[in-house]
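The values are calculated or read from the model by the stated rules, or taken from the named source; none is laboratory data. From a predicted model like this one, the values you see are computed outputs, not experimental measurements. Using ideal geometry, Cβ is built from the backbone for each residue, glycine included, and neighbour counts are taken over all protein chains shown. Remember, those area values only see protein heavy atoms, side chains included, never the ligands or the DNA or RNA. Shrake-Rupley method; radii C 1.70, N 1.55, O 1.52, S 1.80 Å.
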Amino acid sequence: MAEKSFKYVILGGGVAAGYAAREFAKQGVQPGELAIISKEAVAPYERPALSKAYLFPEGAARLPGFHVCVGSGGERLLPEWYKAKGIQLILSTEIVKADLPAKTLVSAAGETFKYQILIIATGSTVIRLTDFGVEGADAKNIFYLREIDDADKLLEAIKAKKNGKAVIVGGGYIGLELAAVMKINNFDVTMVYPEPWCMPRLFTPDIAAFYEEYYANKGVKIIKGTVAVGFTSDSNGEVKEVKLKDGRALEADIVVVGVGGRPLTTLFKGQVEEEKGGIKTDAFFKTSVPNVYAVGDLATFPLKLYNELRRVEHVDHARKSAEQAVKAIKASEEGKSVDEYDYLPYFYSRSFDLSWQFYGDNVGDTVLFGDSNPKSQKAKFGSYWIKDGKVVGAFLEGGTAEENQAIAKVAKLQPSVQSLEAVKNEGLSFACKI
């Protein structure tokens, strides 16, 4: 097969790829210089929609409605946009070999792609129960959610198993968002997770208690402190039951598993320096290999605010790291420099009528403020994390745009506090006055 050569190649077709392409266009990339190679069949899109509006029974989101960069209020980049800019979208193409010293990528179909500068934006893949040899985990109607194909298969099952029973394995982001969406689709929903409370990587027990009771009031059953150890299926090979470690068995027409992800770094093993499970980069997302950059989920980068190396799995960082890498590439070509990446960790979620945002670091002592009664008509509450006498993190449920900006500012500026009690009493007004 003929070899294709490009000045720049973005490997991966997710959020980071789309935002990188937009930044390349802003920086004046020439037609034919840039290619995006993606194993997905569609142009880059805003992945968070898949666990939310894409699965709604009414008014559902559909492509081309949520192509990047609409998730951050930007222009929607349709396939025609890439064409007009002379950016080649090479879709449905899985790269199976990367030779960084030779600046060469090889696809499953045997195509060869050469580049001068590579941006690795392969993101993460889901952790599957089959990876651990869980009995029966290959049954039909056990779903994972990462790509639009996954969401389409789940949608088919939702229609086929109308008003059935759904078991959600996992109590993190995907678990909470999918439990809500399956309930909205009128399923009987049970969540199962081993931890003592939901979202333990971020939520305190107090915060989690609100969401668990809110979900229970919506009719979602929650089983904590145990795990799925096996599945039984019917004569059609479709999942029928989820077996739990504590001996219980749950009926299920659909199972959705959300037990985390792992960065897709396999192609580059032994060729590039790694750290904390990802590819190590500097503040411009340059890796240890010249002319190779890594962005998004798989980049372990210097988090300036906390003076440490971190890997951040979130759409906000995927967008911003991609833009930073492209700015750095173009600046170095012109003999200029750009500021170091100075990121404020940010996470958010929406489910049912709820919407929360978190900024900063969840370490130190915590104070809860506001109305955290799940039965309230419109609960609004939050939490501050305080370490060494400073606010380092802030969480808010039900905030306005201005209030969310205020907690972001607090997390960034890290103001000193006199006492935990004083901050608790001031609550949201503490952030709003900074």
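Taking the alpha-carbon centroid of each part, what is the distance from segment 116-165 to segment 27-78 in angstrom?
19
Which aspartates and glutamates, if any, have their Cα less than 17 Å from the Cα of residue 330, not counting same-chain residues under 8 positions apart?
By straight Cα distance, residue 330 reaches 23, 33, 282, 339, 340.
If you average the sequence gap of Cα pairs under 8 Å that are 6 or more apart and divide by the length of segment 129-259, what percent do you get for the contact order? It would help to have the intermediate numbers written out before the result.
Working: 250 pairs, mean separation 45.1, N = 131.
Contact order relative to length: 34 percent.
Students sometimes get this wrong: rank 346, 211 by accessible area, probe 1.4 Å, all chains present, largest first.
Details: 346 40, 211 10 Å².
Largest accessible area first, the list is 346, 211.
Report, in debye and to the nearest 20, how large the dipole of segment 122-169 comes out about its Cα centre when Lys and Arg carry +1 and Asp and Glu carry -1 on their Cβ.
Details: 8 positive and 8 negative charges, 68 e Å.
The calculation lands at about 320 debye.
Round to a whole angstrom and tell me the spacing of the C-alpha centers of segment 241-280 and segment 298-376.
Centre-to-centre distance over Cα atoms comes out at 22 Å.
Using a simple charge model, +1 on the beta-carbon of Lys and Arg, -1 on the beta-carbon of Asp and Glu, nothing else, what dipole does the chain show about its Cα centre, in debye to the nearest 20? All intermediate terms of the calculation are to be shown ahead of the outcome.
Working: 54 positive and 55 negative charges, 79 e Å.
Using only the charged Cβ atoms, the result is roughly 380 debye.
Starting from the coordinates of the alpha-carbon atoms of segment 261-365, obtain the Kirkwood hydrodynamic radius over all distinct pairs and give the value in Å to one decimal. Please report the intermediate quantities before stating the final value.
Details: mean 1/r = 0.0675 Å⁻¹.
Evaluated over segment 261-365, this radius sits at 14.8 Å.
Can you pull the accessible area of residue 349 for me, 1.4 Å probe, Å² to the nearest 10?
Approximately 10 Å² for this residue.
With the full set of protein chains in place, find how many percent of the accessible area of the chain is carbon and sulfur; take the probe as 1.4 Å.
Working: 9030 of 18860 Å².
Ligands and nucleic acids excluded, carbon and sulfur reach 48 percent.
Projecting each Cα onto the charge dipole of segment 129-259 (Lys/Arg +1, Asp/Glu -1 at the beta carbon, about the Cα centre), which of 249, 178, 134 comes out farthest on the positive side?
About the Cα centre, the residue reaching furthest to the positive side is 249.
Please go through the residue pairs 153/218; 276/327; 4/269; 327/409; 52/286 and name each one whose alpha carbons sit more than 31 Å apart in this structure. Each step should come with its number before you reach the end.
Values: 153/218 25 Å; 276/327 25 Å; 4/269 24 Å; 327/409 25 Å; 52/286 33 Å.
Correct reply: 52/286.
What figure in square angstrom, to the nearest 10, would you give for the accessible area of residue 313 with a 1.4 Å probe?
For residue 313, the solvent-accessible surface is approximately 60 Å².
For every other residue with a beta carbon closer than 12 angstrom to the beta carbon of residue 20, add +1 if it is Lys or Arg and -1 if Asp or Glu, then tell me the sum. Can you show the working numbers first?
Numbers: positive: 22, 26, 319, 320, 327, 330; negative: 23, 323.
Residues near residue 20 contribute +4 overall.
Run through the DSSP bridge list for the chain and note the antiparallel percent, rounded to the nearest 5.
60
According to the square roots a ≥ b ≥ c of the eigenvalues of the Cα gyration tensor, what is the shape class of the chain, taking rounded for a/c under 1.5, prolate for a/b larger than b/c otherwise, and oblate for the remainder?
On the way: a/c = 1.85, a/b = 1.18, b/c = 1.57.
Since a/c reaches 1.5 but b/c is at least a/b, the shape of the chain is classed as oblate.
Residue 353: accessible area at probe 1.4 Å, nearest 10 Å²?
Around 110 Å² of this residue is reachable by solvent.
Among DSSP beta bridges whose residues both lie in segment 129-259, state the antiparallel percentage, nearest 5. Write out the running numbers ahead of the final one.
Values: 8 of 25 bridges.
Bridges in segment 129-259 that DSSP calls antiparallel: roughly 30 percent.
What value, in deg cm²/dmol to 500, does the helix sum -39500 (n - 2.57) over DSSP H runs of n ≥ 4 give at 222 nm once divided by the residues of the chain? Show your work: numbers first, answer last.
Details: 9 runs with 101 residues, N = 434.
The helix contribution divided over the chain gives -7000 deg cm²/dmol.
Probe of 1.4 angstrom, ligands and nucleic acids ignored: what's the accessible area per residue over the chain, in square angstrom? Please list the in-between numbers first.
Values: 18860 Å² over 434 residues.
About 43 Å² of surface per residue is accessible.
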